[in-house]
1. What pairs come out if I take residues in segment 88-105 that are without any contact (Cβ under 8 Å) to a residue 12 or more places away in the chain and over 16 Å from Tyr134 (Cα atoms) and pair them with residues that are β-branched (Val, Ile, Thr) and loosely packed, with under 15 Cβ neighbours inside 10 Å whose C-beta lies under 6 Å away, six or more apart or interchain?
2. Hey, Ala210 hits all of (1) open to solvent by less than 10 Å² (accessible area, probe 1.4 Å); (2) more than 16 Å from Gln180 (Cβ to Cβ); (3) in contact with a Lys or Arg (Cβ under 8 Å, 6 or more places away or on another chain) but one; which does it fall short on?
3. Can you find a residue that is under 22 Å from Glu127 (Cα atoms) and among the hydrophobic types (A, V, I, L, M, F, W, C) anywhere in segment 157-166?
4. Of everything in segment 78-100 that's of a type in the set (A, V, I, L, M) and in contact with a strand residue (DSSP E or B) (Cβ under 7 Å, 6 or more places away or on another chain), which residue is modelled with the lowest pLDDT?
5. Looking at segment 117-205, what strands (runs of 3 or more DSSP E) fall wholly within it and have at least 3 residues that are of a type outside the set (S, T, N, Q) and open to solvent by less than 10 Å² (accessible area, probe 1.4 Å)?
6. Which pairs turn up if I take residues in segment 233-256 that are without any contact (Cβ under 8 Å) to a residue 40 or more places away in the chain and look for partners that are among the hydroxyl-bearing types (Ser, Thr, Tyr) and open to solvent by 20 Å² or more (accessible area, probe 1.4 Å) with beta carbon separation below 9 Å, at least 6 apart in sequence or on another chain?
7. Mind listing whichever residues of segment 215-253 are outside any loop (DSSP other than H, G, I, E, B), among the β-branched types (Val, Ile, Thr) and within 26 Å of Ala197 (Cβ to Cβ)?
Amino acid sequence: MRSSRIMLIAGTLALAVSACSKTGTSVTASPSQAAAHGASSSPSPSGYHPAIDPANFQAVVDNPWFPLKPGSTYVYTGVKDGKRARDIYVVTNRTKLIEGVPCVVVSDKLYLGGILEEKTSDYSTPERQGNVWYFAADTEELNTNGKVTSREGSWLSGQGGAQPGIFMQANPVVGQPFRQEYYPGHAEDQFKVIDLASAIKVPYGSFADALLTKEWTTLEPGVIDHKYYVKGIGEVAELTAKGPVERAVLVSYTAG
């Protein structure tokens with residue numbers, strides 16, 4: 001699955017994961033409320049046109065589940081396509097205007113077998129209500145000589161029918177699906193929260209109350225990922241629940 005970040009995990013890493021039954025009570029938003037935030041109870045290609053008001057956004061991502069503080073660096077290790085992998089995710093102090101909305105620029109570099117094979121710039125920003133939106137991705141796949149071989153997966157809200165989506169809710173609700181991005185035929189990731197208090201252990205640490213989400217795309221039927229987020233840190237792991245193994249765990253985090 002090609003998401004905003006390709007996450008991986010080494011099969012030799014010891015990873016203890018258990019889903020807890022501590023899910024708190026939550027109230028599901030009505031269809032009209034969901035639609036106002038770019039989502040519906042059953043996301044589909046037709047009818048998805050989130051209304052974006054630039055005045056409602058700010059380039060300061062302070063969502064506790066997905067904080068993008070400038071200078072923060074995340075390092076994940078694992079495997080992809082049978083190769084040893086290392087993914088370095090850095091929140092820059094740069095911003096970019098997309099459809100009038102100021103977006104934080106995040107640099108993501110993926111190394112396979114010690115060689116840089118993919119570079120991506122992600123563009124995210126929160127609305128004042130706290131939901132973090134995903135507005136674009138610039139992706140470059142490289143060969144062993146460092147030459148760009150593909151830009152598949154790149155998209156920009158407002159061009160070619162591409163539209164932004166919600167990457168993280170301000171107040172996560174179990175079972176409510178959202179589109180993270182929408183560029184027909186190229187980027188159509190969706191997600192929903194399946195647990196508000198899951199336990200997980202990764203090299204960076206052990207956590208008892210992680211947010212667990214399910215992520216999928218109609219472009220890759222049969223592939224399902226599980227992602228774990230920890231308050232004050234962000235994403236700590238992605239585990240393939242179904243499909244080819246492409247997983248990751250957080251081994252290092254430096255707050256900006």
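1. Within 6 Å, no pair qualifies.
2. (3)
3. Applying the first criterion (under 22 Å from Glu127 (Cα atoms)) to segment 157-166 yields 157-159, 161-166.
Filter once more, keeping what is among the hydrophobic types (A, V, I, L, M, F, W, C): 162, 166.
Checking segment 157-166: at least one residue is under 22 Å from Glu127 (Cα atoms) and among the hydrophobic types (A, V, I, L, M, F, W, C).
4. If we take residues in segment 78-100 being of a type in the set (A, V, I, L, M) and in contact with a strand residue (DSSP E or B) (Cβ under 7 Å, 6 or more places away or on another chain), then Val79 is modelled with the lowest pLDDT.
5. On the way: elements: 132-142, 148-150, 163-168, 189-202.
Ranges flagged: 132-142, 163-168, 189-202.
6. If the second residue must be among the hydroxyl-bearing types (Ser, Thr, Tyr) and open to solvent by 20 Å² or more (accessible area, probe 1.4 Å), the pairs left are Val236/Tyr204; Val236/Tyr253.
7. Going through segment 215-253, the residues outside any loop (DSSP other than H, G, I, E, B) turn out to be 215-217, 224-230, 234-242, 247-253.
This time we only want the ones that are among the β-branched types (Val, Ile, Thr), so: 217, 224, 230, 236, 240, 249, 251.
Residues satisfying the conditions are Ile224, Val230, Val236, Thr240, Val249, Val251.
The values are calculated or read from the model by the stated rules, or taken from the named source; none is laboratory data. Note that this is a predicted model, so its numbers are computed, not measured. Using ideal geometry, Cβ is built from the backbone for each residue, glycine included, and neighbour counts are taken over all protein chains shown. Ligands, DNA and RNA are stripped out before the accessible areas are found, and what is left, the full protein with its side chains, is counted by its heavy atoms. Shrake-Rupley method; radii C 1.70, N 1.55, O 1.52, S 1.80 Å.
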